[in-house]
Amino acid sequence: MKNSFKELKHDELVAKRVELRKSYFDFRFQAVVGHVENPVQARNLRRQIARLETLINAAGAAGAAGSAGKAPAAAAAKK
C-alpha cells in the first residue's frame, strides 16, 4: 500500500486524499459510538493521508519550481 500512491496523477491523489479523510472522519465517529472492530485502522488511515499529503506537496513544489523560473521571464516579456 505504501507505493501504490506514487503512480497516481495529481488529480487522483487529491481525490484519494478526500476519500481517505472522509473514511477517517467516519472511523472517528464510529470510535466515539463504540463500534470499531480494528482500532489500528485509525493509525493506518492517518499514515496514508500523510503519504498523500507528502506526494501532493512534492508535486506542487516541483510545479512551483518549474513555473518560478518561467515567471520572471514571462513578466519581462510583457513589459
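Of the candidates F5, F25, the single residue that is modelled with pLDDT of 95 or more and surrounded by 10 or more Cβ atoms within 10 Å (Cβ to Cβ) is F25. Criterion first (aliphatic (A, V, I, L, M), over 15 Å from the mean Cα position of the chain (by Cα) and either modelled with pLDDT of 95 or more or assigned to a helix (DSSP H, G or I) (or both)) does A74 satisfy it? The answer is yes for A74. In the range 5-32, the residues that are within 19 Å of N44 (Cβ to Cβ) reach residues that are at pLDDT below 90 with C-beta atoms within less than 6 angstrom, at least six apart or across chains, in these pairs: Q30/V36.
With respect to the conditions (1) assigned to a helix (DSSP H, G or I); (2) surrounded by 10 or more Cβ atoms within 10 Å (Cβ to Cβ), A65 lacks only one, and its number is (2). Only a single criterion out of (1) modelled with pLDDT of 85 or more; (2) of a type in the set (D, E, K, R); (3) part of a helix (DSSP H, G or I) is not satisfied by E37, namely (3).
Going through (1) part of a helix (DSSP H, G or I); (2) modelled with pLDDT under 95; (3) under 24 Å from R17 (Cβ atoms) one by one, N44 falls short only on (2).
The values are calculated or read from the model by the stated rules, or taken from the named source; none is laboratory data. All values reported here derive from a predicted model rather than from experimental measurement. Backbone-built Cβ (ideal geometry, glycine too); neighbour counts: all protein chains shown.
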